[in-house]
1. State all residues of the stretch 405-444 that are out of contact with any helix residue (DSSP H, G or I) (no Cβ under 9 Å at 6 or more places or on another chain) and farther than 29 Å from Gly280 by Cα; if no residue qualifies, say none.
2. If you take the residues of the stretch 112-150 that are among the hydroxyl-bearing types (Ser, Thr, Tyr) and part of a loop (DSSP other than H, G, I, E, B), which of them is surrounded by the most Cβ atoms within 10 Å (Cβ to Cβ)?
3. Looking at the stretch 61-80, is at least one residue closer than 21 Å to Leu175 by Cβ, modelled with pLDDT of 95 or more, of a type in the set (Gly, Ala, Ser) and under 22 Å from the mean Cα position of the chain (by Cα)?
4. Restricting to the stretch 134-162, what's the tally of residues that are under 13 Å from Pro195 (Cα atoms) and in contact (Cβ under 8 Å) with a residue 60 or more places away in the chain?
5. Does Leu188 count as farther than 17 Å from Gly97 by Cβ and either crowded, with 19+ Cβ neighbours inside 10 Å or at pLDDT 95 or above (or both)?
6. Just one of (1) buried (at least 16 other Cβ atoms within 10 Å of the Cβ); (2) assigned to a loop (DSSP other than H, G, I, E, B); (3) out of contact with any helix residue (DSSP H, G or I) (no Cβ under 7 Å at 6 or more places or on another chain) trips up Thr324, so point out which.
7. Only strands (runs of 3 or more DSSP E) wholly contained in the stretch 1-93 count here; list those with 2 or more residues that are of a type in the set (Gly, Ala, Ser) and surrounded by fewer than 23 Cβ atoms within 10 Å (Cβ to Cβ).
8. Are any residues in the stretch 114-133 in contact (Cβ under 8 Å) with a residue 24 or more places away in the chain and not aliphatic (A, V, I, L, M), and if so, which ones?
Amino acid sequence: MPTTRRVLVIDVGTSGTRAAIVGSGADVTHSVYRRTPPTTPFPGLVEFDAGALAATVVAVARQVLVAGGPVDAIGVTCQRASTVVWDRTTGEPVGPGLGWQDLRTVGECIMAKAEHGLALAPNQTATKAAWLLTTYDPTRSRDLCVGTIDSWLVWVLTEGRYHVTDRSNAGVTGLMESGGVRWSEAALDAMHIRPEMMPHLIDSSGLIASATVLPGSPPITGLAGDQQASLIGQGCVRPGLAKCTFGTGAMLDMVTGTAAPPSADRRANGTFPIVAWTIGGEVTWGNEAIMLTAGTSVDWLVDDLGVLTSADESDAVAGSVPDTDGVVFVPALMGLGTPRWDYGARGALLGLTRGTTRAHVVRAVLEGIAHRGADLLEAAEADSGLTVAGLRVDGGMSVNTTFVQALADACARPIEVAPVTECTTLGAAFLAGLAAGIWPDLASIEAAWRPRRIVQPMDTGHDISRERWAEAVARSAGWIPALSALDF
C-alpha cells in the first residue's frame with residue numbers, strides 16, 4: 001500500500017489528455033497521456049467530441065488508478081473557455097464542443113459590444129454558448145447545461161450529480177461579474193442564457209464531490225484553469241510572483257492579491273484581470289498577458305520553411321552563432337497580443353543581408369519570441385504596479401537553452417526554469433492536496449518550488465536591443481488594416 005498521501009490529477013489540454021499521480025513530495029508518477037486533438041472542419045472552426053473526450057478522461061484515470069493504487073483526492077485542470085452544452089436528463093452533448101480557438105462567433109462579439117456594451121472576445125465562452133444554444137435549442141425550451149471543460153468533466157465523473165465550475169475557469173467565460181463572485185445577469189440576458197443552465201460557482205480548492213465513476217470513488221477537491229494551475233504549480237502564491245508558459249503561444253500570469261479589479265475589461269497595457277484561485281471563499285486575483293505565436297513560430301521554421309528538421313534542433317542551430325548579425329524577427333504570424341492587441345499585425349523578418357545564414361534566422365526567431373516575452377512582463381508590471389524580481393517559466397520552449405538565455409537578456413532579470421516541462425499537473429495537485437490536508441497552506445507550496453536551473457541575464461546592451469525591438473514591432477503593426485481595426 002502507498003506510504004505517502006497522493007493526488008490523482010486529470011489534465012486536459014488543447015490537444016491531449018493526461019492523468020498522473022502526484023505524491024506529497026511533488027513527485028509525478030504513473031503518467032498516462034493520450035492525444036485528444038480538436039478538429040477543424042473549416043478554417044476558423046475548432047470543434048471536439050465532448051463525449052469521446054469524457055470517455056478518454058475516464059479511461060486514463062482508471063488506468064492510472066489500477067497501476068498506481070488508491071489516492072486521497074482528485075485535482076482537475078483543463079483548457080479554459082472551450083464550451084460544451086449537454087442535456088441535463090440524458091447527459092448527452094447536444095452538439096460539438098467548441099474549442100477556445102474557435103472563431104465562428106467574431107460577428108457576435110462585435111454585435112455584443114455595439115448592442116450591449118459587452119467586451120467579449122471569440123476565445124471566451126459567452127458567444128460560443130449562445131451559438132450552441134441558438135443552433136440546437138433556438139426556443140430555449142430544453143433542459144440544458146452550459147459548461148466549460150471542467151464542469152463537463154465533473155458532471156461525468158460524478159455521474160450527473162454535480163454541475164459546477166470554479167472561478168478561475170468561470171472568470172474567463174465573459175459571463176462573470178467583475179467582482180468574481182457571481183454570474184452576470186446582464187451578460188446572461190444578452191446571450192439569452194437562462195441562469196439555471198449555468199454551473200454552480202465553487203472554490204478552486206475544497207471538497208466538491210466523489211468521483212463515483214472511478215474505482216474507490218475518490219473525492220474531487222481541486223479545480224483550476226490550466227494557466228492558473230501552472231501559476232500555482234510554479235509556487236507563485238504571493239503578489240509580484242509571475243510565470244510564463246511558452247507553448248504554441250505564451251501566457252504570462254502574475255499574482256496581484258485579493259483586491260478586486262475595478263472591471264473585467266482589458267487594461268491600459270493590454271493585460272486582463274483573472275481569478276487566480278478561490279480558497280475559503282476568498283478570491284485571489286492575477287493579471288494575464290498573451291502572446292499569440294510562440295512555439296508556433298519555431299514550427300513554422302520546421303513545417304513551412306523547412307530550415308529545421310525538428311523544433312528541438314533550433315537550440316543547437318541558433319547556438320552555433322553568437323548573435324543574429326542584425327536580423328530581427330517579430331513573431332506576429334497571427335497578429336500581436338499584449339500589449340498592442342493588433343490582429344492585423346503580421347510577422348516580420350528584418351535586417352537581412354547577403355551574409356545572413358540559416359543560423360542567424362533561427363536565432364532571430366528565438367530572440368524575437370524572447371522579446372515578446374519581455375513585452376508581456378513589462379505590460380503586466382505596468383498594469384499591476386508590481387515588480388517581478390525573477391520570472392518563472394515552463395512549457396515546451398523552457399528546455400531550449402538558447403531561448404531561455406535570450407529571455408533573461410531581454411527581460412534583464414533572472415529566469416527560473418521549472419523542474420517539469422508542464423506545471424499544470426503540479427498546480428492541480430497542490431489545490432486538491434490543500435483541501436485534503438496533504439499540504440498545509442500556500443506557504444508550503446511556495447517552499448516546494450525547486451527550479452531546475454536559474455539563468456542570469458548577460459550584459460548584452462539590453463536597452464539598445466529593446467529599442468531596436470520596439471522599432472521592429474512598429475513596422476509589423478497594422479499590416480492588414482481591416483483586422484487591425486477589430487477590438488474585442
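The values are calculated or read from the model by the stated rules, or taken from the named source; none is laboratory data. This structure is a prediction, so every number in the text was calculated from the model and none was measured. For neighbour counting, all protein chains shown are included, and Cβ atoms are generated from backbone atoms with ideal geometry for every residue, glycine included.
1. Within the stretch 405-444, just Glu416 meets the criteria.
2. Only one residue fits best here, namely Thr125.
3. No, the stretch 61-80 contains no residue that is closer than 21 Å to Leu175 by Cβ, modelled with pLDDT of 95 or more, of a type in the set (Gly, Ala, Ser) and under 22 Å from the mean Cα position of the chain (by Cα).
4. Summing the residues that are under 13 Å from Pro195 (Cα atoms) and in contact (Cβ under 8 Å) with a residue 60 or more places away in the chain in the stretch 134-162 gives 3.
5. Against the criterion (farther than 17 Å from Gly97 by Cβ and either crowded, with 19+ Cβ neighbours inside 10 Å or at pLDDT 95 or above (or both)), Leu188 qualifies.
6. Failed condition: (3).
7. Ranges flagged: 16-23.
8. Glu115, His116, Pro122, Asn123, Gln124, Thr125, Thr127, Lys128, Trp131
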